[in-house]
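Data block below; observations after.
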Amino acid sequence: MTTLTTDTMTILNVIVEVIDAPIAGITGAMATAKLRSNITSRLAMKRNQLRASEKNKTVKVAPSGGDFTSLATAMAGTGAGVRFAIDGTYSQAGSSSPFFFPTLDDLEFAGVGQRKPVFAFTQAQNATLANITSNSTCDSHYNAVFRNLWMTAENARYVIHADASNSFFRKKTVFEECYLEHKGNESARAYVVANGGTSSDVWSNCYAVGAGIPDGGAMVVRNSVLLGYNADALHCHNWGPCEQPVTLDVEGCILDARPLSAGSSKYSFYWGNLGSLQNDVVRVVGNTLGGPVALGSSPWLLTDPAQVPANKMLASVTGYSNTPAPYVLEDDGSRALRITSATTGTSSSVVVSGTGADALFGGSIDVAGAVGLAGASYGYLDCGDHLVGQNADQAVTQIGKRLGNCSSVNKTLTVLIDGSTTKTVTFNQDYTSVSNTTILASINTALGSSATADLFNVNELFRPRFTDEERRVYNAGATTIKRKMAVAWATNGQPQSRIMTAADPLRLFAGIAYEDIRPGTWGRVKSAGMVRVAMDLLRSDSGAFVHGDAFGVGATDGQWVKSPGVPLLFAVNNADVRFGTFDNDTAWTSFTPTILSQTGTLTTAAGTGRWRRVGRQIHLQVSVTITTNGTGAGSVRIMNLPAVSAAAPYVLIGRESALNGKALLGSINSSSSFMSITNYDNSYPGADGAALNITGCYEAAA
């Protein structure tokens, strides 16, 4: 029998924890990680107690005149709860790893003086691919504050890597007044290619900060500059499952992905919900965003089919006072089974029940029909054809996997459509390896013409709530305003709204519907900022666009087209558009003038025209060439102005540039659709070979 000493008993007091009851959902490796975290926390607590005399101590680090000349030496010689005051003249450069790795709780690293101390981590171009992938300037797993520091990384993973794979719970990391720049891995990439490798072999996610925030943990990034290299500036995710939500606050920062191509999916900020099953809190306030804001959910860590929901956008993401940036969903293939009625209107509805509904829906979200909107029902469970698990290698979500072998015990899906038609789908085979496409086809065969089954991207319904870029409106119209449609203010004005038409003037534009808004109900409308066209516009046309193109409502009410009659949104690249009534870079729109003379007939005349609308102002340029005047007299008329003029006279000016150089006047009468061109003295300007050029602006009637 072994006799336990007092010292041994002390250690046991530190590392042994009695858990009254198992925590739901935590088994195996996750349980081991939980125990390891508890052991680590208790050991740290004991170590901190032994060093209590050093708590709240300030240690000065400087090339000379400080307590230490090296931060590594300073950390090795002190305990938890210490503030390291690092002189602004201090610099640390090198390629060794770990380069900067705090291993105690409650440490503060603060640059002092007029300059920020520099931590420059650069690995050689011939560093191993494993080292480039693994090593960062700073690894942070504990409670820590980083203030007024300058950190860079090159040929490395990240500048800051704050991720302990959920082993250290409830830890908080703070960055204030820091400059964090990833300088890229281009020299390593060139070296690999020159030595027979491929560019893609080298780590490409060159984030300034890459963080996996642990259970109950928090991160604050405030008044800092984060620069990715053709990669996300700030890339964060949670872990799962968790007992407590995590929080992320990003305030007053410059977040720039520095993409190498316009319109790319390199994000200023990315949040990944990987399976915490908590309502995590993300706040983004007062930042300069150099790229889209994105959310995603890959890889979803949980492999229990009951813990794989179709809606994985569980975080609350809010903000205000940020520079405009589009929102992008990183689609991981999550899908809910949805059944939609073939009818629209208030009597349109779908209700599902039965053992098949239990297996495939796991609870349903019912969508009420309305004028212009079909009733539907979709499930809580993910039925998408994709893989989950930490290595994204587990197939548990597919319809066939959820149904399983029904050859002995059948499952039935009962569908009540519009309150009167019942359809029953019987599952009586082994569906384990049957494709989603095949099973959907059999469901639709059973539904007939009454309804349609499909797979629905529930994640796509989510939009961050940036309060200064959206508003709530009331649908005063007679039909549903569908998601992504253009919304106009109704006759009575705000907050009443309706679907926008091509005839509506710019001043009535309220924004883009963020959700279906039924008649007589309220809903969210995006009213400022930027959007990604593929995400947020319901287009009735298709095709590419470029910087400077405009979007507005086309022939189909509420639906968007490029080059509309009334521009509402302006392209900033080949993927995104922004709100605004004025854009200095927007191209003018070309048109072909219809040319007549006031009296008589012009034998041969042609012309070109360009115009641009800013609010109600129409900026106009017209050039007319008269090859043969014929019997034309009185004035030369442009019969198809871009918009009817307001109730006032307007005069544009110009010059004849081929024959006599005379000054020209372009007169537009009150509420007119044409312009009359004369010489400055009101004489007729036309003649064989004449070239008339007119430029100016007038007010449109609407």
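The single condition from (1) of a type in the set (V, I, T); (2) in a strand (DSSP E or B); (3) surrounded by fewer than 20 Cβ atoms within 10 Å (Cβ to Cβ) that T323 fails is (2). Among the residues making up segment 176-219, those that are crowded, with 17+ Cβ neighbours inside 10 Å and of a type in the set (A, V, I, L, M) are L180, A188, V192, V202, A208, V209, A211, I213, A218, M219.
Only one of A164, A188, A194 is under 23 Å from L301 (Cα atoms), small (G, A, S) and either outside the structural domain of R83 (by TED's automatic domain parsing) or over 25 Å from the mean Cα position of the chain (by Cα) (or both); which? That would be A164, the only listed residue that is under 23 Å from L301 (Cα atoms), small (G, A, S) and either outside the structural domain of R83 (by TED's automatic domain parsing) or over 25 Å from the mean Cα position of the chain (by Cα) (or both). Among the residues of segment 302-316, those identified as surrounded by fewer than 22 Cβ atoms within 10 Å (Cβ to Cβ) and modelled with pLDDT of 95 or more are T303, D304, P305, A306, Q307, N311, M313, S316. Listed by position, the strands (runs of 3 or more DSSP E) enclosed by segment 476-542 that each have at least 1 residues that are crowded, with 17+ Cβ neighbours inside 10 Å, out of contact with any Asp or Glu (no Cβ under 6 Å at 6 or more places or on another chain) and among the hydroxyl-bearing types (S, T, Y) are 496-499. You will find that of V425, V350, V415, V396, the residue that is outside the structural domain of M313 (by TED's automatic domain parsing), touching a residue at least 12 places away in the same chain (Cβ under 8 Å) and in contact with a Pro (Cβ under 6 Å, 6 or more places away or on another chain) is V396 and no other. Being under 22 Å from N155 (Cα atoms) and assigned by TED's automatic domain parsing to the domain that holds A144 is a description that does not apply to L302. Of the listed requirements (1) surrounded by 15 or more Cβ atoms within 10 Å (Cβ to Cβ); (2) more than 27 Å from V246 (Cα to Cα); (3) touching a residue at least 60 places away in the same chain (Cβ under 8 Å), D87 misses just one: (3). State which residue is surrounded by the fewest Cβ atoms within 10 Å (Cβ to Cβ) when the search covers only segment 396-413 and only residues that are among the β-branched types (V, I, T) and in a loop (DSSP other than H, G, I, E, B). Filtering segment 396-413 for residues that are among the β-branched types (V, I, T) and in a loop (DSSP other than H, G, I, E, B), the one surrounded by the fewest Cβ atoms within 10 Å (Cβ to Cβ) comes out as V409. Only residues that are surrounded by 15 or more Cβ atoms within 10 Å (Cβ to Cβ) and either in a loop (DSSP other than H, G, I, E, B) or not hydroxyl-bearing (S, T, Y) (or both) were counted across segment 414-430, and they come to 8. Entry remark, segment 160-196: residues being among the small types (G, A, S), farther than 21 Å from A257 by Cβ and either touching a Lys or Arg at 6+ places or on another chain (Cβ under 7 Å) or at pLDDT 95 or above (or both) number 4 in total. Give segment 490-511 a look and list any residue that's closer than 18 Å to G565 by Cα, under 28 Å from the mean Cα position of the chain (by Cα) and not small (G, A, S), or say none. The answer is I499, M500, T501, L506, R507, L508, F509.
When segment 514-555 is examined, which residues are found to be among the polar types (S, T, N, Q) and touching a helix residue (DSSP H, G or I) at 6+ places or on another chain (Cβ under 9 Å)? Break it down into steps so the answer makes sense when it comes.
Keep residues of segment 514-555 that are among the polar types (S, T, N, Q), which gives 521, 527, 540, 542.
The one that is among the polar types (S, T, N, Q) and touching a helix residue (DSSP H, G or I) at 6+ places or on another chain (Cβ under 9 Å): S527.
Against the list (1) of a type outside the set (V, I, T); (2) under 17 Å from F121 (Cβ atoms); (3) more than 18 Å from the chain's Cα centre (by Cα), the condition Y207 fails is (3). Across segment 339-378, the qualifying residues are those that are among the polar types (S, T, N, Q) and under 29 Å from the mean Cα position of the chain (by Cα), and the one among them that is farthest from V415 (Cα to Cα) is S364. Scan segment 668-687 and give yes if some residue there is in a strand (DSSP E or B), among the acidic types (D, E) and not assigned by TED's automatic domain parsing to the domain that holds L508, otherwise no. No, there is no match, as no residue in segment 668-687 is in a strand (DSSP E or B), among the acidic types (D, E) and not assigned by TED's automatic domain parsing to the domain that holds L508.
For segment 333-359, the tally of residues that are surrounded by 21 or more Cβ atoms within 10 Å (Cβ to Cβ) and of a type outside the set (G, A, S) stands at 7. Of the candidates S590, S527, S542, the single residue that is more than 30 Å from L295 (Cβ to Cβ) and not hydrophobic (A, V, I, L, M, F, W, C) is S590. In the list T133, T128, T137, T122, which residue meets the criterion of being assigned by TED's automatic domain parsing to the domain that holds S204, without any contact (Cβ under 8 Å) to a residue 24 or more places away in the chain and not basic (K, R)? From the options T133, T128, T137, T122, the qualifying one is T128. The set of residues in segment 256-305 being basic (K, R) and closer than 23 Å to P214 by Cβ consists of R283 alone. Counting only strands (runs of 3 or more DSSP E) that sit completely within segment 233-277, those holding 2 or more residues that are among the acidic types (D, E) correspond to 247-251.
The values are calculated or read from the model by the stated rules, or taken from the named source; none is laboratory data. Only a predicted model underlies this, so the values are computations on that prediction, with no experimental measurement involved. For neighbour counting, all protein chains shown are included, and Cβ atoms are generated from backbone atoms with ideal geometry for every residue, glycine included.
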